[in-house]
Amino acid sequence: MNQISTLGQILEIDLSNDCKLRYLKVGSGKPLILMHTIRTQLDYFQEVIPELAKQYTVYAVDLPGHGRSSIDTKVNYDEPYMRQAIVNFIEKLDLNDITLVGESIGAVLALTVASAIPDRIAKVVSSNTYDYETRYADGLRRGNLFSNIVIANYAIPIHGAIFAFFENWLFLGLAMKGGLKNKRWMPRALLSEFNRTGYRSGFRYVERNVFANWRSWDKARTLYAGVKAPVTLVYGDYDWSTISERQRTAKALGNINTITLENTGHFGFVDNPTKLLEVVLNP
């Protein structure tokens, strides 16, 4: 049995435009929504969900096209598309007084969703925002030499699709290793689940399409000024972003202070879940 299935109720919600999202619901209290990174899924948060569920009703979501959510190879999986899906998710469930928590692209979405529906959002925890790309898969390619060489091939028409088709457990692990500092390797059971997801029909399209829409994640920063809820901005000291990029994001949010976690990489909720949990529960 997949570990995540033991943590709470696994549900599916049918949104507009044939988009269906899988999500996990567990706990009691005010709503808290978890949004994961590129190429992962709600299982990404399995280490922190039990503790969060003691204080909140936790909704851990598979972003559009990710995990076991539906896949549509006719849409662009850019920031506006994913943002609207989460907004629709919130409105369909009629959630209010929400804490939004995200990492990487999930951190960007936490901020842009908060900007889109400010009256429903109580606070935001945004970890390792992925809002600085200047080229295809820029962030992931900063992780290590392996990622830079291999992921660059994904961008090449036709060749990239073939190259992505041969992605496997070892390749995925080596690429994700570039986002870890505290741990030597992504937990094997978690990595195996990510790898299984990669063999879903249409998933390689989603994977490459998210990277191909890199400009939308950089552009999302222009929406941060609309965030009205208090924001906790946190980075691992070994995140892929540069100091100047972090300062630029903080400035876009009104020159807020940031929290820096020691010995933590880009995949903070896996690399250092205890510290991230402390940040979420005691911002």
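The values are calculated or read from the model by the stated rules, or taken from the named source; none is laboratory data. The shown structure was predicted, so the numbers you read here are calculated from the model rather than taken from an experiment. Note: ideal-geometry Cβ built from the backbone for every residue, glycine included; neighbour counts use all protein chains shown. Just the protein is used for accessible areas: all its heavy atoms, side chains included, with ligands, DNA and RNA removed. Shrake-Rupley method; radii C 1.70, N 1.55, O 1.52, S 1.80 Å.
Tell me which residues, restricted to the range 30-61, are outside any strand (DSSP E or B), closer than 30 Å to residue 208 by Cβ and open to solvent by 10 Å² or more (accessible area, probe 1.4 Å).
The first filter runs over the range 30-61 and keeps only residues outside any strand (DSSP E or B), leaving 36-55.
Remaining after also requiring closer than 30 Å to residue 208 by Cβ: 36-49.
Once the filter is applied, which keeps residues that are outside any strand (DSSP E or B), closer than 30 Å to residue 208 by Cβ and open to solvent by 10 Å² or more (accessible area, probe 1.4 Å), the range 30-61 yields 38, 39, 46, 47.
Evaluate the following for residue 253: is it open to solvent by 50 Å² or more (accessible area, probe 1.4 Å), touching a residue at least 24 places away in the same chain (Cβ under 8 Å) and in contact with a helix residue (DSSP H, G or I) (Cβ under 8 Å, 6 or more places away or on another chain)?
Details: open to solvent by 50 Å² or more (accessible area, probe 1.4 Å): no; touching a residue at least 24 places away in the same chain (Cβ under 8 Å): yes; in contact with a helix residue (DSSP H, G or I) (Cβ under 8 Å, 6 or more places away or on another chain): yes.
Answer is no for this residue.
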Inset, instruction - Determine whether residue 77 is closer than 16 Å to residue 223 by Cα and either of a type in the set (Ser, Thr, Tyr) or surrounded by fewer than 18 Cβ atoms within 10 Å (Cβ to Cβ) (or both). - result: no
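Can you say whether residue 57 is over 17 Å from the mean Cα position of the chain (by Cα), β-branched (Val, Ile, Thr), closer than 19 Å to residue 6 by Cβ and modelled with pLDDT of 95 or more, as far as the supplied structure shows? Show your work before the answer.
Working: over 17 Å from the mean Cα position of the chain (by Cα): yes; β-branched (Val, Ile, Thr): yes; closer than 19 Å to residue 6 by Cβ: yes; modelled with pLDDT of 95 or more: yes.
For residue 57, the condition - over 17 Å from the mean Cα position of the chain (by Cα), β-branched (Val, Ile, Thr), closer than 19 Å to residue 6 by Cβ and modelled with pLDDT of 95 or more - is met.
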Legend entry - Considering residues of the range 138-181 that are modelled with pLDDT of 85 or more and not in a helix (DSSP H, G or I) only, the residue farthest from residue 198 (Cα to Cα): 181
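Looking at the range 116-127, can you tell me whether even one residue there is within 19 Å of residue 214 (Cα to Cα) and of a type in the set (Lys, Arg)?
The first filter runs over the range 116-127 and keeps only residues within 19 Å of residue 214 (Cα to Cα), leaving 126-127.
When the remaining residues are screened for being of a type in the set (Lys, Arg), the result is none.
No, because not a single residue in the range 116-127 is within 19 Å of residue 214 (Cα to Cα) and of a type in the set (Lys, Arg).
Select, from 200, 196, 248, the only residue that is open to solvent by 20 Å² or more (accessible area, probe 1.4 Å), out of contact with any Asp or Glu (no Cβ under 8 Å at 6 or more places or on another chain), not in a helix (DSSP H, G or I) and not acidic (Asp, Glu).
Working: 196 fails: not in a helix (DSSP H, G or I); 248 fails: not in a helix (DSSP H, G or I).
None of the other options fit; the residue is 200.
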Inset, instruction - Kindly indicate whether residue 221 is out of contact with any Lys or Arg (no Cβ under 8 Å at 6 or more places or on another chain), buried (at least 19 other Cβ atoms within 10 Å of the Cβ) and of a type in the set (Lys, Arg). - result: no
Legend entry - Every pair of residues 6+ apart whose Cβ atoms lie under 7 Å, when the first sits in the range 78-94 and is within 13 Å of residue 106 (Cα to Cα) while the second is surrounded by 16 or more Cβ atoms within 10 Å (Cβ to Cβ) and among the aromatic types (Phe, Trp, Tyr): 79/217
Inset, instruction - Enumerate the pairs (first residue in the range 225-241 and in a helix (DSSP H, G or I); second residue anywhere and open to solvent by 20 Å² or more (accessible area, probe 1.4 Å)) with beta-carbon separation below 9 Å, excluding pairs fewer than 6 apart on the same chain, so at least 6 apart or on different chains. - result: 225/115; 225/252; 225/253; 225/254; 226/115; 226/116; 226/118
Inset, instruction - Sort out which residues of the range 251-274 are assigned to a helix (DSSP H, G or I), of a type in the set (Gly, Ala, Ser) and closer than 13 Å to residue 224 by Cα, and write them in order of number. - result: 252
